[in-house]
Amino acid sequence: MLNAFTRNYTDNSTEAGFQFTFYCDICNNGFKSSFIESSTYNKRKGLQNLTRGASVLGNVLGGAAHNIGWGINRAGDILSERFEERSPEWQREHEQAFIAAQSEAQRHFRRCHACHKWVCANCFNEDEGMCVDCAPRQEIYVAKARAEAMKRNIDEAGQSATVWQGSIESKTTVCPACGKPAGSGKFCNNCGASLALNVCPACGKENAQSVKFCNHCGSPMTAPSGKCSACGTENPPGTKFCGNCGNKLA
């Protein structure tokens, strides 16, 4: 079993050789060890080449030489199968290569005395002997604090800033005549109908044409008729008694 100085590593080894990548516990930047060829793999390749040469020689010489070549070829096949299963020799090479890779990689990492993480040189505060998570570098921490304070100040100023000087008022956005979006003018963009606001007969405030009750006082927007039923005189909207004969208006 491989025991590493840090658990944060990747085994990149193949049948042909051994290589490992070790990572910083903070920034995850990695260091890849030098590639070490597998001697068992090279021996296997040599045996395969030998068996192929013997087979060719047997075909040339014929008879007994060919049988010898066949025997060597068969032996080479058995050895190849053994190496395919990662032989004990390969396993021993693997462990030794891992020890060498750790010795090579460990020079590029530092161990934090507070949290015991293994970190790269960029993430280690040499002045404090700790990683930058446990002991941030003063100049960097101050710059970060200033930047965060600046963002807070900007957000606070934005909350209290007045960025619109217009007035809020009721607008007729849908034409009461054709029912289509009317635009921002005084007449409908589609049919030309007037978009003038109606005046509440009770409080005199303006309201959109489609409103049935005043948005300001809640009174009906349709005022009762000011025509006197007794004498027929027209009276201003909202008048309770006829100005000509004194009759009570409905």
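Readers should treat all values here as calculations from the given coordinates under stated rules, not as data from a laboratory. The structure presented is a predicted model; accordingly, all values stated were derived computationally and were not measured. Don't worry about glycine lacking a Cβ; one is built from the backbone with ideal geometry, like all the others, and counts go over all protein chains shown.
A straight chain from residue 134 to residue 86 at 0.36 nm per residue would run longer than the Cα-Cα distance by 13.0 nm.
Take the alpha carbon gyration tensor of the stretch 173-224, find the square roots of its eigenvalues, order them as a ≥ b ≥ c, and report rounded if a/c is under 1.5; if not, report prolate when a/b exceeds b/c, else oblate. Prolate shape, in that a/c is at least 1.5 and a/b is the bigger ratio.
Taking 21 Å as the limit for the C-alpha separation, the pairs 32/144; 117/144; 180/212 exceed it in the case of 32/144; 117/144.
Summarising the label geometry, the points placed 7 Å from Cα in the beta-carbon direction at residue 149 and residue 239 lie 7.3 nm from one another. Over all other residues within a Cβ to Cβ distance under 12 Å of residue 94, the charged ones net out to -3, with Lys and Arg as +1 and Asp and Glu as -1. Rounded to the nearest 20 debye, the dipole magnitude of the stretch 119-166 is 260 debye, with +1 charges on Lys and Arg beta carbons, -1 on Asp and Glu beta carbons, and the Cα centre as origin. The distance between label points at residue 96 and residue 116 comes to 3.2 nm (points 7 Å beyond Cα on the Cα→Cβ vector).
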